[in-house]
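Visitor: Got a structure for you, questions after.
The values are calculated or read from the model by the stated rules, or taken from the named source; none is laboratory data. Note that the coordinates shown come from a computational prediction; the quantities given were computed from them, not determined experimentally. Cβ: placed from backbone, ideal geometry, glycine included. Neighbour counts: every protein chain shown.
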Amino acid sequence: MIPHKNKSKKVPYFRRRKFLGALLAVASLAALSSGAADYPTDKVNTTGLAVTDDTVTVGQLHSATGTMAISETGSIQAEQLAIEQINAMGGVLGRKIKIIVEDGASDWPTFAEKAKKLLVKDKVASVFGCWTSASRKAVLPVFEKENGMLYYPTFYEGLEQSKNVIYTGQEATQQILAGLDWIAKEKGAKTFYLIGSDYIWPRTSAKIARKHIENVLKGTVVGEEFYALGHTQFGSLINKIKLKKPDVIYAIVVGGSNVSFYKQLKAAGITSDKSVLLTISVTEDEVLGIGGENLAGFYSAMKYFQSLDNPNNKAFVPAFKAKYGANSVIGDVTQAGYLGPWLWKAAVEKAGSFDVDKIAAASPGIELDKAPEGYVKVHENHHLWSKTRIGQWQLDGQAKVLYESGLIEPNPFPKGYQ
Amino acid sequence: MNKVYTRIFAGRVGTLNLAVVAVLLFALLPATLDIFRLNLVGKYLTFGFVSLGLVWLWGKGGVLSLGQGVFFGLGGYCMAMFLKLEASDPITTKIQSTPGIPDFMDWNQMTALPAFWIPFKSLPFSLIAVVVLPTLVAFILGVAMFKRRVGGVYFGVITQAIALILSLGIDGNQGYTGGRNGITDLKFLHGWDIRTQHAQYVLYFITCSLLLLMILASQWLLSGKMGKMLLAMRDREDRVRFSGYDVSAFKIFTFCLAAALSGIGGALFVLQVGFISPSLVGIVPSIEMVIFAAVGGKTSLYGAIYGTLIVNSGKSLFSESFPQLWLFLMGGLFIAVVVLFPNGIAGICDTIRKKISNRKKTAPSSVAGKDKRESVMLGELSAPALKGEK
């Protein structure tokens, strides 16, 4: 093991060791053997990324300000927690991770600008970030052009696959199909009312849900409505629901609209003792705003709930709360954000390199046993195999997990659902 | 020749201003900034077109529009539609259910290109539309409002409402417009890869040249009767009207001009940034554009460039250095400018210039005299108007 020429810091260290006798020298080399010295910088970084002998720089690109800040904060925190834990374990290939944080400010052109800055100016080895589909669509050409690596945490509509993105959330079919199957079986549901916010994710999700309801479950969709983001008046919708009396209200309402939606449902007497509501857009984070009492008894289909009972989650939740306060909650996307740095670390170690091309090639097949959601594996299409879980919301804002599917293969371009 | 000098270059001060900006944009910035920063400056300058339009409309015409994002967006969308169609050839989109249409249409179960998209297959049509469509919309709005003497706050509110309507309209018709995501993933302009460094250099210089050209054209227009009319209208509209001039026609003209400028800016934005979305059309960006003009000094053509550059660089640099605090810093900057320098950067420069020329009292025919030109012009025009009133 010969330290590399460029290692200006390490050379005098070894020279001093020479005087201390063979035994010490052997011992110190043994200690270094699992560290950076095994991976000389010019070998693990052939494309000029921000990798030095003892650090590697990554970027974090979320909205710290603007309307999306409230949603993205959880992901920011989880990613930082993961990076802190990785550093405490000795980093990646013996290098400590440094983070450059950029604010996308809930503004898509800003996301594109900052993505370019991180890749072109800062030469970050990887970026953890984006939340909304619009922000991802804005940065995707940048990542493909500059050949960067993005770990994207949000469950989303699918219809996308890129060499330069690892999607750590669910694509639409992973979240929708098993949940519908469960509710049809458990509740004998035949009629569904689909309600969503008006943009690509709810629209695509509703499309997939409708196809599944009509073609597989042989049920009927008795109503399908979309409301502008931020819409707060659901009076007429509630009247229609009362008129049609669907077996299941299927809600894909996002953001601030959620609060008014569930409060108005409750005020109109549509509560869990009389109606069944299944949503794919409410996590613990949203419940914090909606209030557990307005949602109690309704169901969410997610891959992760804070209340999951497994050893990984038992370690993750206290670690998160210790860092961000006892009142903080962890939603589905927050957990998916936490996976990003770990998956990247695993890919770098598997590839033995920080090069984006090698990481992209090494990613499929990577497994994580330590994921709070349980076992996770990266598919060839850069999405994760994941489970669908049904949680029933309780008064305290936590979910009781009632059902857990097997591992579902990610399928961002589902045939028969397009 | 002398006429060209005074009318287009606006005399000595104007030529000096032009020289400073030209050196800054064509020599200093390209020499000191790397391509990433230069591309950002290019992006900022596309907003400079909107600011320039606002100098016309607000500074010279006295009408404040809070909806210039509409025209910026229209120009941008016209350009983006052309680029998107070029990027959606049947081979690259063969994974779709319907190859050959833009990807977002396919996601929204559209099976054919909507009729209004078809003309945008032609580059000349798209380039003409970039200018004509915003102008046409401004003309219709202008006729509807100015002929009815809607002005001031009401005009501002209506333009803001239109910005909201357009951004919601784009949002809500995602099959036709790309919705909230906008039109993304634009790559080629007639086979020319707009994402390369070389293309970014070329686009930067095109943007700078066009912007300076527009300023010179504006100076030429403003140095004639047009400028005097606008100044008179801004200060005493009813007197101009009583003198027999059609005030609304001048306002419609400035509104259309501002819209055309914004449209050009939008198209250049799309070429340099590679996408457009409703987040550039709505109320917030429209108001930001007013801030650019205000910081620069709303009556100064060159101030528009400086204001846009300073606010946007501030935005980028503050947010890079202080991701948590930058909005407060930006807010502080705006408050400071408005409170301390109500005439913006141009106002600061004027003050300094006056101080210097006051010190050099020995040469009375110098700069200070030129600065008073505006008020002299007003005097010329209001004198006959006063007579008319008597």
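Visitor: How many of the residues in segment A:402-411 are crowded, with 17+ Cβ neighbours inside 10 Å and in a strand (DSSP E or B)?
Guide: 2
Visitor: Report every pair of residues separated by at least 6 positions or lying on different chains whose Cβ atoms are under 7 Å apart, first residue within segment A:111-122 and facing chain B (nearest Cβ under 7 Å), second assigned to a helix (DSSP H, G or I) and among the aliphatic types (A, V, I, L, M).
Guide: A:A112/A:A138; A:A112/A:V139; A:A112/A:V142; A:A112/B:V273; A:E113/B:L40; A:K116/A:V142
Visitor: Any idea which of A:A347, A:A361, A:A371 is part of a loop (DSSP other than H, G, I, E, B), assigned by TED's automatic domain parsing to the domain that holds A:L119 and modelled with pLDDT of 95 or more?
Guide: The unique qualifying residue is A:A371.
Visitor: Quick test for you: out of B:G156, B:G142, B:G169, pick the one residue that is among the small types (G, A, S), assigned to a helix (DSSP H, G or I) and under 30 Å from A:W131 (Cα atoms).
Guide: The conditions single out B:G169.
Visitor: Which of the residues that make up segment A:145-170 are over 21 Å from A:S281 (Cα atoms) and in a loop (DSSP other than H, G, I, E, B)?
Guide: A:N147, A:G148, A:M149, A:Q161, A:S162, A:K163, A:N164
Visitor: Could I ask something else about it? From the list A:K207, A:K211, A:K263, which residue is under 25 Å from A:L288 (Cβ atoms), of a type in the set (K, R), in contact (Cβ under 8 Å) with a residue 24 or more places away in the chain and buried (at least 17 other Cβ atoms within 10 Å of the Cβ)?
Guide: Every option except A:K263 fails the conditions.
Visitor: Go through (1) within 14 Å of chain A (Cβ to nearest Cβ); (2) surrounded by fewer than 24 Cβ atoms within 10 Å (Cβ to Cβ) for B:V311 and report which single condition fails.
Guide: (2)
Visitor: Would you confirm whether or not segment A:185-203 contains a residue that is part of a strand (DSSP E or B) and surrounded by fewer than 17 Cβ atoms within 10 Å (Cβ to Cβ)?
Guide: The answer is yes, given that some residue of segment A:185-203 is part of a strand (DSSP E or B) and surrounded by fewer than 17 Cβ atoms within 10 Å (Cβ to Cβ).
Visitor: Please go through segment A:122-144 and give me each residue that is assigned to a loop (DSSP other than H, G, I, E, B) and acidic (D, E), ordered by number.
Guide: Result: A:D122, single match.
Visitor: Yes or no: segment A:197-207 includes at least one residue that is among the hydrophobic types (A, V, I, L, M, F, W, C) and touching a Ser or Thr at 6+ places or on another chain (Cβ under 7 Å).
Guide: Yes: segment A:197-207 contains one or more residues that are among the hydrophobic types (A, V, I, L, M, F, W, C) and touching a Ser or Thr at 6+ places or on another chain (Cβ under 7 Å).
Visitor: What are the residues in segment A:74-89 that are in contact with a strand residue (DSSP E or B) (Cβ under 8 Å, 6 or more places away or on another chain) and surrounded by fewer than 18 Cβ atoms within 10 Å (Cβ to Cβ), if any?
Guide: Listed by number, the residues that qualify are A:I86, A:N87.
Visitor: Which pairs do you get when a residue that is within 10 Å of another protein chain (Cβ to nearest Cβ) and touching a residue at least 40 places away in the same chain (Cβ under 8 Å), found in segment A:187-202, comes within reach of a residue that is among the aromatic types (F, W, Y) and part of a helix (DSSP H, G or I), reach meaning Cβ atoms under 7 angstrom, with the pair 6+ apart or on two chains?
Guide: A:I200/B:W107
Visitor: Cβ-Cβ distance below 6 Å, separation of 6 or more or different chains: which pairs start in segment A:49-74 with a residue that is under 19 Å from A:L118 (Cβ atoms) and end on one that is basic (K, R)?
Guide: From residues that are under 19 Å from A:L118 (Cβ atoms), the pairs are A:L49/A:K123; A:A50/A:K123; A:T55/A:R95; A:T55/A:K96; A:T55/A:K98; A:V56/A:R95; A:T57/A:K98; A:L61/A:K114.
Visitor: Scan segment A:141-162 for residues that are surrounded by fewer than 24 Cβ atoms within 10 Å (Cβ to Cβ), closer than 27 Å to A:I330 by Cβ and within 10 Å of chain B (Cβ to nearest Cβ) and report the count.
Guide: Of the residues in segment A:141-162, 2 are surrounded by fewer than 24 Cβ atoms within 10 Å (Cβ to Cβ), closer than 27 Å to A:I330 by Cβ and within 10 Å of chain B (Cβ to nearest Cβ).
Visitor: Here is a further query. (1) in contact with a Phe, Trp or Tyr (Cβ under 8 Å, 6 or more places away or on another chain); (2) modelled with pLDDT under 95; (3) under 21 Å from A:V139 (Cα atoms): which one isn't true of A:T73, the others all being true?
Guide: With respect to (1) in contact with a Phe, Trp or Tyr (Cβ under 8 Å, 6 or more places away or on another chain); (2) modelled with pLDDT under 95; (3) under 21 Å from A:V139 (Cα atoms), A:T73 is out only on (1).
Visitor: Looking only at residues in segment B:200-250 that are assigned to a loop (DSSP other than H, G, I, E, B) and touching a residue at least 24 places away in the same chain (Cβ under 8 Å), which one is farthest from B:I305 (Cα to Cα)?
Guide: Among those that are assigned to a loop (DSSP other than H, G, I, E, B) and touching a residue at least 24 places away in the same chain (Cβ under 8 Å), it is B:S243.
Visitor: Within segment A:322-332, is there a residue that is surrounded by 15 or more Cβ atoms within 10 Å (Cβ to Cβ), part of a helix (DSSP H, G or I) and not assigned by TED's automatic domain parsing to the domain that holds A:K400?
Guide: Yes: one or more hits.
Visitor: Scanning segment B:160-194 for residues that are modelled with pLDDT under 90 and more than 11 Å from chain A (Cβ to nearest Cβ), which turns out surrounded by the fewest Cβ atoms within 10 Å (Cβ to Cβ)?
Guide: B:G191
Visitor: Right, something else. Going by what's in this entry, would B:R239 be described as of a type in the set (D, E, K, R), at pLDDT below 90 and surrounded by 15 or more Cβ atoms within 10 Å (Cβ to Cβ)?
Guide: Spelling it out, it is not the case that B:R239 is of a type in the set (D, E, K, R), at pLDDT below 90 and surrounded by 15 or more Cβ atoms within 10 Å (Cβ to Cβ).
Visitor: Of all residues being within 11 Å of another protein chain (Cβ to nearest Cβ) and at pLDDT below 90 in segment B:67-102, which is surrounded by the most Cβ atoms within 10 Å (Cβ to Cβ)? Just the residue, please.
Guide: B:Q96
Visitor: Failed condition for B:G14, given (1) touching a helix residue (DSSP H, G or I) at 6+ places or on another chain (Cβ under 7 Å); (2) away from every other protein chain (no Cβ under 14 Å); (3) free of Cβ contacts under 8 Å to residues at least 60 places away in the same chain, with all others met?
Guide: Looking at each condition in turn, B:G14 falls short on (3).
Visitor: Could you tell me which numbered condition B:Q197 fails, if it satisfies all but one of (1) within 13 Å of another protein chain (Cβ to nearest Cβ); (2) farther than 29 Å from B:V20 by Cα; (3) not hydrophobic (A, V, I, L, M, F, W, C)?
Guide: Every condition holds for B:Q197 apart from (2).
Visitor: Residues in segment B:111-143 that are buried (at least 18 other Cβ atoms within 10 Å of the Cβ) and within 14 Å of another protein chain (Cβ to nearest Cβ): how many?
Guide: Number of matching residues: 0.
Visitor: For A:T232, indicate whether it is under 26 Å from B:G175 (Cβ atoms), outside any helix (DSSP H, G or I), more than 14 Å from chain B (Cβ to nearest Cβ) and out of contact with any Cys (no Cβ under 9 Å at 6 or more places or on another chain).
Guide: So A:T232 fits the description; yes.
Visitor: Among the residues of segment A:123-133, write down those that are more than 9 Å from chain B (Cβ to nearest Cβ) and buried (at least 21 other Cβ atoms within 10 Å of the Cβ).
Guide: Listed by number, the residues that qualify are A:V124, A:A125, A:S126, A:V127, A:F128, A:G129, A:C130, A:W131.
Visitor: Identify the residue in segment B:222-233 that is in contact with a helix residue (DSSP H, G or I) (Cβ under 7 Å, 6 or more places away or on another chain) and not small (G, A, S) and, among all such residues, is surrounded by the fewest Cβ atoms within 10 Å (Cβ to Cβ).
Guide: Checked segment B:222-233; the qualifying residue surrounded by the fewest Cβ atoms within 10 Å (Cβ to Cβ) is B:K228.
Visitor: Just one of (1) more than 11 Å from chain A (Cβ to nearest Cβ); (2) closer than 30 Å to B:L33 by Cα trips up B:V157, so point out which.
Guide: So the condition that B:V157 fails would be (2).
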